[in-house]
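Q: Below you'll find the structure I mean.
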Amino acid sequence: MNADLRPPAPAYPIIDAAFLANPYPTYDALREAGAIHWSEEFFGGAWLVTRHADVELVLRDPRFSAQRTGAWVKDREETSGELSGFQQLFARALLFLDAPDHPRIRKVLHAGFRMDVLQRLVPHIEQAVTELLDQGEGADCFDFIETVARPLPVRVITRLLGIENLQYDDFMAWSEDLASFIGAPQPTRGQARRAQVSLLAMSRYFETLLEQKRQTPGDDLTSRLAQAEARGEIQGGAELLAQCAMLLFAGFETTRHLLGSGLQALLAHPDQWQRLQQAPELLPGAVRELLRFDSPVQYTGRRVSTDLVLHGQQLRRGDLVVPLIGAANRDPRRYAQPDVLDITRRDGSSLSFGSGPHVCIGAALTLMEAEIVFQQLLRRWPELSLVDATPRRITNPLYRGLVTLPLRCRAPA
């Protein structure tokens, strides 16, 4: 955009080591300095909005388009066409579609996330959680991320999709490559290449799986997608494969970070952990408060689809807008004492799962997994505590997550 139209950028770097460790002081400073900011640190230049009302507006208003992958990918490939396969798949994922394609595909996917379908998963989730937590039984300490937070979402989403023969190590590598690209404010060409390799590998895997499901359908989401393709409700090729691959990825990333960061926050506030011990019926609300307090996804992006003015600032068609979800969830205009973790909070839900047409389709499944995990932890180890008050976090500004979370199961003798 025309540099003369940009307001002054913040007088301090946004994304630095301190921000990655704790972004909330930076969010506070941005929120109080103004309603909208221009930053060169995000994707070569983007408008940042930090206040709850503005973030929700951007997520809901059709003037802000979800179709934003073109420049994101092509900026990395120059004119070689090297990443054309990546762009073809990436751009067809539900996350990056507007109407009319978005509601059409979302309707197809929704069949796999109905509550009756998810309820049938509950015994499988409970068994998986029990088996994973059994690995920590008898040990003085164990790493919750490696033992539970990483493997559990993989087991659940593969069960939902009807996947039986996927090597989890392969999936982890694919997912990390995609997360590295999607979560980079300025992705490198190398990150884009690795993401393409992994997305194409996911695509090849699902090509084989879909053919199997066409021949022998089951009671799973991949079979439902194959049947929807046969009815003409979803297109074969890139459109179908993109949904399968991104469901596998998204079902893993958000849930594992909620489990890790959520448990860390809960145990860092022992009064809240004890309150849950005394009143376990508070658990559903507690999980939602953990989502608000430390959102697994800290921001998203939209392209301005028509010239408009926001808080007196002219936004041009094609400009990128980054709604900072993590900042909106701590907005004192929306939440009383927003920096306080309060599992009895009643002043409204957060924006951690988004809002409007693109609200997370798997939100109920993520909440279900978290509630089952925390329920079993509360029952099994009421004296659970942190070994390290400041565990190491991933260095990705989009995803708020932990590398490790060492836990002590019982109070020291």
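Q: Within region 27-54, how many residues turn out to be more than 21 Å from the chain's Cα centre (by Cα), closer than 26 Å to PHE181 by Cα and assigned to a helix (DSSP H, G or I)?
A: 1
Q: I'm trying to understand the selection: among the residues of region 37-78, which are over 25 Å from VAL340 (Cα atoms), at pLDDT 90 or above and among the β-branched types (Val, Ile, Thr)?
A: Listed by number, the list holds a single entry, VAL58.
Q: In region 266-310, which residues are small (Gly, Ala, Ser), surrounded by 22 or more Cβ atoms within 10 Å (Cβ to Cβ) and farther than 20 Å from ARG51 by Cβ?
A: ALA286
Q: In this structure, is SER355 touching a strand residue (DSSP E or B) at 6+ places or on another chain (Cβ under 6 Å) and crowded, with 16+ Cβ neighbours inside 10 Å?
A: Numbers: touching a strand residue (DSSP E or B) at 6+ places or on another chain (Cβ under 6 Å): no; crowded, with 16+ Cβ neighbours inside 10 Å: yes.
Considered against the rule, which asks whether it is touching a strand residue (DSSP E or B) at 6+ places or on another chain (Cβ under 6 Å) and crowded, with 16+ Cβ neighbours inside 10 Å, SER355 comes out as no.
Q: Under 6 Å between Cβ atoms, at least 6 apart or on separate chains: pull out the pairs that start in region 94-105 with a residue that is under 13 Å from SER305 (Cβ atoms) and end on any residue that is of a type in the set (Gly, Ala, Ser) and not in a helix (DSSP H, G or I).
A: Pairs found: ASP98/SER65; ASP98/ALA66.
Q: If a residue has to be among the acidic types (Asp, Glu), in a helix (DSSP H, G or I) and without any contact (Cβ under 8 Å) to a residue 60 or more places away in the chain to count, how many in region 137-194 make the cut? Even if it seems obvious, please write down each step before you answer.
A: Filtering region 137-194 for residues among the acidic types (Asp, Glu) gives 137, 140, 143, 146, 164, 169-170, 176-177.
Checking which are in a helix (DSSP H, G or I) leaves us with 146, 169-170, 176-177.
Now restrict to residues that are without any contact (Cβ under 8 Å) to a residue 60 or more places away in the chain: 169-170, 176-177.
The total comes to 4.
Q: Taking the options ARG194, ARG204, ARG224, name whichever one is crowded, with 20+ Cβ neighbours inside 10 Å, modelled with pLDDT of 90 or more, of a type in the set (Lys, Arg) and out of contact with any strand residue (DSSP E or B) (no Cβ under 8 Å at 6 or more places or on another chain).
A: Working: ARG194 fails: crowded, with 20+ Cβ neighbours inside 10 Å; ARG204 fails: crowded, with 20+ Cβ neighbours inside 10 Å.
Among ARG194, ARG204, ARG224, only ARG224 is crowded, with 20+ Cβ neighbours inside 10 Å, modelled with pLDDT of 90 or more, of a type in the set (Lys, Arg) and out of contact with any strand residue (DSSP E or B) (no Cβ under 8 Å at 6 or more places or on another chain).
Q: Let me ask another. Between LEU258, LEU241, which is surrounded by 24 or more Cβ atoms within 10 Å (Cβ to Cβ), modelled with pLDDT under 95 and of a type outside the set (Ser, Thr, Tyr)?
A: Details: LEU258 fails: modelled with pLDDT under 95.
Matching residue, one of LEU258, LEU241: LEU241.
Q: Would you please list the contacts, defined by Cβ atoms under 6 Å and residues six or more apart or on different chains, that run from a residue in region 324-336 that is closer than 11 Å to SER352 by Cα and in contact (Cβ under 8 Å) with a residue 12 or more places away in the chain to a residue that is β-branched (Val, Ile, Thr) and assigned to a loop (DSSP other than H, G, I, E, B)?
A: Note: pairs meeting the criteria are LEU324/THR50; ALA327/THR50.
Q: Still on this structure, please answer the following. Which ones in region 311-330 are more than 21 Å from ASP98 (Cα to Cα), of a type outside the set (Lys, Arg) and crowded, with 19+ Cβ neighbours inside 10 Å?
A: Filtering region 311-330 down to residues more than 21 Å from ASP98 (Cα to Cα) leaves 311-314, 326-330.
Next cut, of a type outside the set (Lys, Arg) only: 311-314, 326-329.
Scanning region 311-330 gives GLY326, ALA327, ALA328, ASN329.
Q: Right, here's the next one. Which residues, taken from region 139-187, are of a type in the set (Phe, Trp, Tyr) and surrounded by 18 or more Cβ atoms within 10 Å (Cβ to Cβ)?
A: Of region 139-187, the ones of a type in the set (Phe, Trp, Tyr) are 142, 144, 168, 171, 174, 181.
Matches in region 139-187: PHE142, PHE144, PHE171, TRP174, PHE181.
Q: Just to be sure I understand, how many residues within region 229-238 are within 14 Å of VAL108 (Cβ to Cβ), surrounded by fewer than 20 Cβ atoms within 10 Å (Cβ to Cβ) and of a type in the set (A, V, I, L, M, F, W, C)?
A: Just the residues of region 229-238 that are within 14 Å of VAL108 (Cβ to Cβ), to begin with: 229-236.
Within this subset, residues satisfying the condition of being surrounded by fewer than 20 Cβ atoms within 10 Å (Cβ to Cβ) are 229-233, 235-236.
Pick out the ones that are also of a type in the set (A, V, I, L, M, F, W, C) and you get 230.
Final tally of qualifying residues: 1.
Q: Is it the case that GLN127 is at pLDDT below 95, part of a helix (DSSP H, G or I) and of a type outside the set (Phe, Trp, Tyr)?
A: no
Q: Residue by residue through region 83-116, note down the ones that are at pLDDT 90 or above and outside any helix (DSSP H, G or I).
A: Result: ARG92, ALA93, LEU97, ASP98, ALA99, PRO100, ARG114.
Q: Select from region 122-138 the residues that are surrounded by 17 or more Cβ atoms within 10 Å (Cβ to Cβ) and either under 16 Å from THR222 (Cα atoms) or not small (Gly, Ala, Ser) (or both) and list them in ascending order.
A: Just the residues of region 122-138 that are surrounded by 17 or more Cβ atoms within 10 Å (Cβ to Cβ), to begin with: 125, 128-129, 132-133, 136.
Selection gives ILE125, VAL129, LEU132, LEU133.
Q: Moving on. Can you spot a residue in region 253-274 that is under 23 Å from LEU109 (Cα atoms), hydroxyl-bearing (Ser, Thr, Tyr) and assigned to a loop (DSSP other than H, G, I, E, B)?
A: Looking for residues that are under 23 Å from LEU109 (Cα atoms), hydroxyl-bearing (Ser, Thr, Tyr) and assigned to a loop (DSSP other than H, G, I, E, B), one finds none in region 253-274, hence no.
Q: Also, quick follow-up: Could you check region 92-116 and list, in sequence order, the residues that are farther than 18 Å from GLY354 by Cβ and crowded, with 18+ Cβ neighbours inside 10 Å?
A: First pass over region 92-116, keeping only residues farther than 18 Å from GLY354 by Cβ: 92, 100, 104, 108, 111-112, 114-116.
Result: ARG92, VAL108, GLY112.
Q: Hey, another quick one. Among the numbered criteria (1) more than 30 Å from ALA99 (Cβ to Cβ); (2) at pLDDT 95 or above, which single criterion is violated by GLY218?
A: The failed condition is (2).
The values are calculated or read from the model by the stated rules, or taken from the named source; none is laboratory data. Every value quoted in this text rests on a predicted model; they were computed, and no experiment measured them. With ideal geometry, Cβ positions are generated from the backbone for all residues, glycine too; neighbour counts draw on all protein chains shown.
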